[in-house]
Structures are given as structure tokens and as C-alpha cells.
1. Just need a number here: residues in the stretch 1-38 that are under 29 Å from Lys203 (Cα atoms), outside any loop (DSSP other than H, G, I, E, B) and modelled with pLDDT of 95 or more.
2. Pull up the stretch 237-268, narrow it to residues that are of a type in the set (A, V, I, L, M) and within 29 Å of Pro405 (Cβ to Cβ), then point me to the one that is surrounded by the fewest Cβ atoms within 10 Å (Cβ to Cβ).
3. Outside any helix (DSSP H, G or I) and either among the hydroxyl-bearing types (Ser, Thr, Tyr) or within 14 Å of Leu423 (Cα to Cα) (or both): which single residue out of Leu230, Leu256 fits that description?
4. In the stretch 18-39, which residue that is surrounded by fewer than 18 Cβ atoms within 10 Å (Cβ to Cβ) and small (Gly, Ala, Ser) is nearest to Asn101 (Cα to Cα)?
5. In this structure, is Arg96 modelled with pLDDT of 95 or more and over 29 Å from Val228 (Cβ atoms)?
6. Run down Gly107, Gly121 and say which single residue is of a type in the set (Gly, Ala, Ser), closer than 14 Å to Ala168 by Cβ and part of a helix (DSSP H, G or I).
7. So in the stretch 449-459, with the set limited to residues that are surrounded by fewer than 17 Cβ atoms within 10 Å (Cβ to Cβ) and away from the ligand (no atom under 12 Å from the Cβ), which one is nearest to Asn434 (Cα to Cα)?
8. Can you go through Ala151, Ala168 and tell me which one is within 16 Å of the ligand (Cβ to nearest atom), under 30 Å from Thr488 (Cβ atoms), surrounded by 21 or more Cβ atoms within 10 Å (Cβ to Cβ) and hydrophobic (A, V, I, L, M, F, W, C)?
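The values are calculated or read from the model by the stated rules, or taken from the named source; none is laboratory data. Remember, predicted model here, so these are calculated numbers, not experimental data. Neighbour counts run over all protein chains shown; Cβ positions are idealised from the backbone, glycine included.
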Amino acid sequence: MLQPSKSPLRHSNLINGEWMSAAGDYFESRNPAHTDEVIGIFPRSGTYESSDAVLAAKAAYPKWRLVPVPARAAILFKAAELMRTDKEQLTNLMTREMGKNLDESKGDVQEAIDMCEFIAGEGRRFYGVTTTSELPNKHAETRRMPMGVAALITPWNFPIAIPSWKIAPALLCGNTVVFKPAEDTPACAEAFVRILLEAGLDKYPGVLNMVHGYGPEVGEPLVNHPDVALVSFTGSSEVGKMIAMQCASKFKKYSLEMGGKNATIVMDDADLELAVNACWWGAFGTCGQRCTASSRLIVHEKVLDEFTKRFVERTAATRVGNGLEPGIEVGPLINKRALEKIIRYMQIARDEGVHLLCGGEPYSRSERPDLAKGYFFKPTVLSAPDSKMRINQEEMFGPVTAIMPAKDLEDAIRIANGVPYGLSTAIITQNIRNGEIAKRDLESGITYVGSCSTTGAEVHLPFGGTKQTGNGHREGLGALDIFSEQKTIYVDFSGKMQRAQIDNQ
Ligand code: UN1
């Protein structure tokens, strides 16, 4: 591991309002499109830094919980404004650090702006209910209460948007935060944190802390720390399961957003041109590295051949490369491990007898010398009719999608539902009846009907999945329920001791 140096590339943790270097090693963040480029070096923190950050957040909590909610919201409004001003710079940094193209990075920053504004707006609502009592001269009301220190653990695929999904509502509700960003995108995380500080959080040291490092070394001590009340995690099912078990044994609240194996159904009445474009975007946008990505395309057998032909043509024509360059549609995978995982799955596909329609391998040096220093993989289409095959059941998180035929709508829905996950589904159809049946019968937290595939969720609606995708929580509209607890308050002004369920019978 690298040792700290005086390099301007060296970054720090944020603890109690101070930028603190770590006691130990550092790790690098490199451009996945061109690994010679070091984006920055970041503290490889551990239990010590995690614990310091939790204690700072704990100390800041009593004051922060009493700051009026609209005043907390004002910081988020300001952060949105600052992000608008810095949009180009943030976009550029994101493409360099994460690899997606400039349009998509800009969309990620926009999603964070939208979320900060949406959640800030909630600060002027923050409603509870007031209601009557069964007893005279008594009424009742509810109020959202903060919970204390929230540990927020975020992935690299939406390096600013997803941190905003968690940090904005956690802070609005009056919690203080320890943020552990993905080790693949620490520079984007720091940029977002600096914006929040500039927006006014700098006046409240300890309210937002950030600790860089790896999951087992930072995430795990945070999850297990007795002063952390609440954990919110987006990432792999494997890690989510560990977090669930650790939180359950300590009676902590936790929200998990994990894998997907999302299906787009293409019906025989679909406009095929539109279906091809929508499926291409759902499968290969963000290099397939969205938990909402369409990794399964279930196509009505009447249009299977024609759809497949056109879809493969479109996929083979994908402009792959460094996302900073104009016109590039698909960038690299995030890191070597991700690339190796896809290569492993290609072997599994071969072993399962899957027919490869295009892609299936990384670019060779002679084919694309310009991509030799990045983690690029050819956009891949498989013909994999058996929906129980591993490649149709397990999340790969890369530019790979499988086409499978369906006899009719019922068959398509059965195939779509036949996976352990339930994040997003889509049906491309012009038939209202097909659409209504799909809305009713597809087992997922999100369903798209009409002309779009499985990606493209907007911040003001609930985001989350069924089955093994999550544990029942919803981000976006629903996030306040994650980051607060309801308190029920009874007010008795009768001047008497009244007994509910007894004195009024
Ligand atoms: C994710 O991949 O974890 O709906 C989030 C979408 C984006 C969010 C994806 N707005 O595809």
C-alpha cells in the first residue's frame, strides 16, 4: 500500500469538521478507462477512524436534532444550487473516476440536484397526523423523530446521486451521519461532501463525517458500532445479507438496496424500432452497471427473430470507449474484479450451452489499442432460452443481456417473475390490456409500461425492490420513513385520569 505523501492527489477523511489524514495506509482511485491516470489517493481507514467519526456524529446530534427542519432543508436547497453551478466540473470528475460517459455523469449530478431539492421541499411539509381520541378532552398527534447516528454506505455506480439519496433525507430528518463511500469513487464522494459543507454544513462540525476505505475495514466497524442507530446500504446482496444479520442481532434499523435481474418484456404488438432502442439503453447504459439494468429481454416468439436481428445489429454498433470523448456510448467496467467477473460468467454461459450472438470478450489489443489500459468488455447479447440458467438468474453487473422467448404474455410474466430479485420490470407494448396485466402481475418494486425499459427512476417516487432486492424500504418518496421514527403523542387536558378502552365503555 502507498504511504502518505505531500502530493496534491492526497485526500483525507472528514471527521468533526476537520480534514484528517489516516494513521495507516492509503489506496488509489484510478480512471477505469485509462488506469495510468490516478484520480487521487485516499486514506485506507479502519476501526479507529470509524469510531472517531461515530463519536463526532454522536456529539453533534443533540444540537442538530433541534435545528428547525426548514433550516436543515435550506442547506440542501443551497447544495442543489451549488451543484448546478459546478455541474460541468462534477460531471468531468465523475467520468474520469467512474467511467460512464459525460451525458450519463451529468444525469447522475442532475439526479443529486433533484434529490436535494425534493427532500429539501419535504422540510416545509414534514407532516404528521393530528387526530381525535376516544376519550373526551384528549387528542393525539404523530411526529417524525430523528434516530441518532446514521451510517450510510454507498456504491460507485451512481457516485453522487446515491449518496444524495441517503445523506439528504438522513440530515433533513435530524440525524447525524457517517458516510462511507465506495472505494472506487472516493473523489466524487468528497466533491459532494465539500458542496454540502459550502452550503452551510460547515457551521455544524460533526453533523456529516466521511470515512474512506474498504467495507470490512470501515463499513463493518460502523455497522457494529453501538452508537450507530441506523444503517442504510446500497450494494451487493452478499454484503447486504451480512449487514442485515449484524444489525438484526443488535436491533438496529437498516435499509438495504441490493441486486436486480431485471426483465424487459417485448410484446408482439411493440414498435420494434422503439423496442430495440429502449432495450439497448436498459441493457448497456452505464455499461450495464445499474441495479435497474435490463439483463433479461423476454421477447414474444412472434417477433423474436426480427427483434433479435435488429438488437444484435444495434449492439454490435455500440460506440465503446473513454467516456470523456464525444459520441462514446459505453465506457469501461469499474475495475479489474468486475471485468474478471464478467469473463467468468461468459465461461459459465458457455458451459450452460448458451448461444453467443455478439460480444462475449474484452477487446484485444490489436483490435482496439486505445482501450488496452482500461477495463473494457464488448457489449454482449446471449440467446439463453432456459430461464433457469445461472446467467438468467444471477446478477452480473456488466454489459451483458440475454434474450429469451415467451409464448404469450402469461408466459412472459412467469419468466420475468422467476428470479430471486424484484427491483424493476418493463413491458413494451401498445396494448392497454397487456399493460394493465403487467402492472398487476409483475413482481417488482418498479414497473415501466409502454415504451421504456427498466432504468430511469425519478427521485420523487419510491425506489426499491421486492424479494431479495431489499428489505421493504423505499428511497426517494419513502426515504423519510427510513431515516425517522414515528412518535405518537397523546395530550389529555381533561384534568382527570382517564383510562382508554375502559372508561368510555
Ligand atoms: C442504481 O443502479 O442503483 O433508475 C440506481 C435508474 C437510476 C438509478 C439507478 N435513476 O436507473
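1. Number satisfying all stated conditions: 6.
2. Within the stretch 237-268, the subset of a type in the set (A, V, I, L, M) is 239, 242-245, 248, 256, 258, 263, 265-267.
Checking the rest, the ones that are also within 29 Å of Pro405 (Cβ to Cβ) come to 258, 263, 265-267.
On the way: Met258: 25, Ala263: 32, Ile265: 27, Val266: 28, Met267: 23.
Within the stretch 237-268, the match that is surrounded by the fewest Cβ atoms within 10 Å (Cβ to Cβ) is Met267.
3. Matching residue, one of Leu230, Leu256: Leu256.
4. The qualifying residue nearest to Asn101 (Cα to Cα) is Ser21.
5. Yes: the conditions hold for Arg96.
6. On the way: Gly107 fails: closer than 14 Å to Ala168 by Cβ.
Gly121 is the lone residue from the list that is of a type in the set (Gly, Ala, Ser), closer than 14 Å to Ala168 by Cβ and part of a helix (DSSP H, G or I).
7. Per the criteria, the residue is Gly450.
8. Ala168
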